[in-house]
Amino acid sequence: MIEQNLLLILVSLPFMGALAAATLPVNAHNAAAWISGLVLGGSLLVLASLHGVVARGEVLRVGIDWVPLIGLTLDFRLDGFAWMFVTLVMAIGGLVVLYARYYLSKTDPVPRFYSFLMAFTGAMIGILLSGNILMLVVFWELTSILSFLLIGYWHQAQTARDGARTALVVTATGGLCLLAAMLLLGQIVGSYDLDAVLASGEAIRAHQAYPLVLALFLIGAFTKSAQFPFHFWLPGAMAAPTPVSAYLHSATMVKAGVFLLVRFSPALGGTELWFYAVTGTGMATLILGSVIALFRHDLKGLLAYSTIGHLGLITALAGIGTPLAILAAIFHIANHALFKASLFMAAGIIDHESGTRDMRRLSGLIRLMPVTGTLAIVAAAAMAGVPLLNGFLSKEMFFAQAVDWHNGTWLDVSLPWLATFAGIFSVAYSLRFIATVFFGPPPLGLPRTPHEPKPWMRRPVELLVALCLLVGILPGLTLGPTLNLAARAVVGEALPDTSIAIWHGVNAPLVMSLVALLLGVGLHVLLGSRIGAGPEGPPLLHRLRAQKIYEWLLLRLSWIWPRMILELAGTERLQPQLRLLVLLALAVGVTTLWGSLWPIEAARQTPLSAGFVLMWVVGVACALGAAWQAKYHRFAALVLLGGAGLVTCLTFVWFSAPDLAVTQLLVEIVTTALLLLGLRWLPKRREEIAEDKLLPARLRRGRDLVIAGLSGAGLAVLAYVVMTRPLIPNIGDWFLRNAYHEGGGTNVVNVILVDFRAFDTFGEITVLAIVGLTVYALLRRFRPAPESVALPDEQRGEEERALRTYLTVPAVIMQWMFPALIVLSAYLFLRGHDLPGGGFSAGVTLAIAFLLQYLATNVRWIETRLTVLPIRWMGAGLLIAGTTGMGAFLFGYPFLTAHSRYVELPLVGPVPAATALLFDLGVYALVVGATVIMLIAIAHQSLRSVRLREQEAEDAARKEAA
């Protein structure tokens, strides 16, 4: 139990650190760095305490039921592979926090940076520890969003905005494909549990949907790990601050893709399709990244393409999929993180102290920055695969796997040659990095005179380079045991205990390494001077860049082609758009339900009453009158529409549905006020419209009548079929039987909303909050056109005259109604669990009370005396509802599990109390905020325009009198 709690703490600590950093003032640089450092340090201590469980070969699991009926559970699992990866993320994250403390300027919003960094770390930890494949995708997409914020941290630069947008588009699109793959996997396996999926490899590979699942899965993994042809987003991400580059491209973000490939290789691997797709893509990416890196002039650009190449190497090993290949892939994940993080930090130091990253301007820095230069040279040598450094060992293991015989395909036969070719370029670009930047004549004309950084800024580089040496010299004593645990957690007992040593005799991998070293040096000597004077790319290929292809395609997909389609088939008018939506819905309904739903022969009948018939005659007359008056008088149509709505309310009362009647009545009031305030913004009616000249007005109205009739008839038939069809078992009867005992309330409708289906309600109020904010954002800057304000009196529409008449209602009556409506709102809320009412009805009632004050008095006058702050109401509502749901976790129940009981109060006796009341309070607050923010936004514009005209008329009258 202690270990499980520690695992939950490990997952939540980074998010808590992000929240703490976000609340700091802008100038709290040191506090933000300390908070982040302490969070990561505490996480490492938690990991250390869990090492004993992992060392025994066990898998530590902890689960929190979220929505278990649909397979959504917060399951976390820690095995040897996840333990090693999380340690890597946390340790390098701590070094990045220390490095960023001295790298970032005092003018930067540093707390925001650390908040993003900690949240990103938490999302990455979520990917590594997720035991549910759907939650894994949630964390996966969260890393895409947070990396967008980190890459675009310096958003004032166009390159940062472009790089962040490209990274988000590519990786988030891949995440959608990954989501589809995970949904299919869950259907094939019958579970979304990660352990169940990993144990069902044979069933997955034998399923007919395996090729589709594999394609979607690989698109998700390849986009995140920058594999060809999705590699182009990674160099653009170099616009991020160097600490971000060092973190995202060494231990996180791009490593998430290869983590996924390694993790799922037992379930999806082992086929020829997997080998060709994964190993082929990895080798293509390895060669492409290694070749392009040699010709880059920007320090971070060279390192970015080298990262692409090394990610391709790891991907190729995952595609080979043998136990030793998986071990080599995990080993290179760790080695690459060590030397690449140190190289990025060294490049950042050079940029920070010299003012440039252009290799054509840098030279001879070893004289001015001897310590930094030495560290960078050792790290670059590790990247090149020089003996006695960590990169040499994992690259030798890669060469060994390339030489081994796997399946005899043409790709398998060509692996040794392709690996050696990529190794040559890897040595060449590493040597160019060393020779160009640190040797040669002293630099001239730099923005700043290079010098050593502050000692603590260099400490992370020193520690990482020391680890490169230590692992390279003593691999068996340092990383050996951890690597065996990690690889065995992936492939199981098929992996024998492997001893990693620096010498295995003279063999084919050693010969390949020596050939790569020698030919790489020769390639640098041959092309060194030409590269510095040439374009930023290989000859004949620097013009064909994937980034240009992406921009060309994005321009057409997002702008040119949509505009062409809009010009051919679209319109800016609202009525044709609504007509298309209604026809589409009608077509979908007919094609889906035709022949599948028919009423039963003996339908339940309700005795017909003359009063009911008369009521519906009035309702139908109001509806027809509203449709007819819409042509001539919109205000009259609105009044008649309200009459039809009132008949609907009475119908609910007639059929013993008081909750629906109350809600319908309140919604009718609010929507009527909304339409009344928005009538004057509707476009002026024109008898002849260019788009409708080919169709006479009579035929247009007939067409609309037919569409409306078909839609109404379809809904009527559907409602009749549903109400007369027997349901076995009848879910309504189940709710009636269990509402009181399970939910603690006699109002079945409200118990369903806040207890049985509270998760649906939580989603609905979240959507309502989004809608409210969207309406506010659209209207807050809306201003009426000057000509609409200056129209002469005879041209004003009946809508404005109606609004002016409406505003003449005595303000004192509306002000007297305010306290009465508040009491009614409280009454509906408090009785809602047992009698008709509830949070939604009560919230709409209070919103109506606020609206009446805005209509009755001057807007500025009321706002100086009545502070509503609807956005805070909405935030408080979501917070209360979410906190109530999460409170169930404390007692081991799923999210939003409600509890009810009777509480004995002095002098009162037993009083019903349910946690659903708190959830309903959140619904109440959010409905008030969302409704008020929409009403106020429209009222501001409509009342402002009317009163502006009144003021102009008064000014004109005074001038005429003068």
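Karplus-based coupling profile of segment 210-215, in residue order and whole Hz: 4, x, 5, 4, 5, 5, with θ = phi - 60° in 6.51 cos²θ - 1.76 cosθ + 1.60 and x standing for Gly or Pro. Helix 390-403 versus the longest principal axis of the chain: what is the Cα-based angle in degrees, 0 to 90, to the nearest 10? Compared with the principal axis, the helix lies near 90 degrees. Max-minus-min Cα coordinates of segment 270-538 on each principal axis give 58, 38, 30 Å, with the largest extent listed first. Computed from Cα atoms, the angle from the helix 370-384 axis to the main principal axis of the chain rounds to 90 degrees. Principal-axis analysis of the Cα atoms of the chain puts helix 254-268 at an angle of about 90° to the longest axis. The helix-only estimate of mean residue ellipticity at 222 nm for the chain, built from DSSP H runs of length n ≥ 4 each weighted as -39500 (n - 2.57), is -23500 deg cm²/dmol after division by the residue total. Evaluated at q = 0.09, 0.11 Å⁻¹, a Debye calculation over the C-alpha positions of segment 419-522 (equal weights, vacuum) places log10 I(q)/I(0) at -0.43, -0.62.
Hey, fewest Cβ within 10 Å first, where do 454, 106 land in order?
Working: 454 13, 106 7.
So the residues, fewest neighbours to most, are 106, 454.
With a Förster radius of 51 Å, plug the Cβ-Cβ distance of residue 31 and residue 510 into 1/(1 + (r/R0)^6) and report the FRET value to the nearest 0.05.
Numbers: r = 52 Å, r/R0 = 1.02.
For residue 31 and residue 510, the calculated efficiency is 0.45.
Loop exposure criterion: GluC sites (Glu not before Pro), DSSP state outside H, G, I, E and B, at most 15 other Cβ atoms within 10 Å. Applied to the chain, the longest stretch between such sites is 59-535.
For residue 551 and residue 616, compute 0.36 nm times the residue count separating them, minus their Cα-Cα distance, and round to one decimal in nm.
Working: separation 65, 0.36 × 65 = 23.40 nm, distance 5.93 nm.
Stretched fully, the residue 551-residue 616 segment lengthens by 17.5 nm.
For segment 70-139, the normalised intensity computed at q = 0.28 Å⁻¹ comes to -1.20 (log10 of I(q)/I(0), Debye sum over alpha carbons, equal scatterers, no solvent). Against the compact-protein benchmark of 2.2 N^0.38 Å, the Cα-based radius of gyration of segment 79-184 scales to 1.18. Taking packing as the residue-averaged number of other Cβ atoms within 10 angstrom, the listed peptides 437-450, 25-38 run from highest to lowest as 25-38, 437-450. Note on residue 871 and residue 5: their simple-model spin labels are 4.0 nm apart, each label 7 Å out from Cα toward Cβ. How would you classify segment 1-150 from its alpha-carbon gyration tensor, with a ≥ b ≥ c the square roots of the eigenvalues: rounded for a/c under 1.5, else prolate if a/b is greater than b/c, otherwise oblate? Prolate shape, in that a/c is at least 1.5 and a/b is the bigger ratio. Of the cross-linked pairs 106/224; 255/548; 224/300; 224/395; 340/454; 106/300, which ones have a Cα-Cα span greater than 28 Å in the structure shown? Violating the 28 Å Cα-Cα cut-off are 106/224. Residues 310, 524, 406 in ascending order of nearby Cβ atoms (within 10 Å, fewest first): 406, 524, 310. How big is D, in µm² s⁻¹, for the chain by Stokes-Einstein at 25 °C and 0.890 mPa s if Rh is the Kirkwood radius over C-alpha pairs? Estimated diffusion coefficient is 75 µm²/s.
Can you work out the FRET efficiency for the pair residue 628 and residue 580, with r the C-beta to C-beta distance and R0 = 35 Å, to the nearest 0.05? Present the calculation step by step, with values, prior to reporting the outcome.
Values: r = 24 Å, r/R0 = 0.68.
Given R0 = 35 Å and the Cβ-Cβ separation, E is 0.90.
Ordered by the number of other Cβ atoms lying within 10 Å of each residue's own Cβ, fewest first, 414, 841 fall into the sequence 414, 841.
Taking amide hydrogens as placed 1.01 Å from N in the peptide plane, the amide H of residue 364 sits under 5 Å from those of 438, 439, 440, each at least 5 positions away in sequence or on another chain. Computed from the C-beta positions of residue 816 and residue 653, the FRET efficiency with R₀ = 35 Å rounds to 0.80.
Take the alpha carbon atoms of segment 207-223, find their center, do the same for segment 448-506, and report the distance between the two centers in whole angstrom. Measuring centre to centre over Cα atoms gives 33 Å.
Values in this text are rule-based calculations from the coordinates and carry no lab data. Keep in mind that what you see is a predicted model, and the values were worked out from it rather than measured. Quick reminder, even Gly has a Cβ in these numbers, built from the backbone with ideal geometry, and neighbours come from all protein chains shown.
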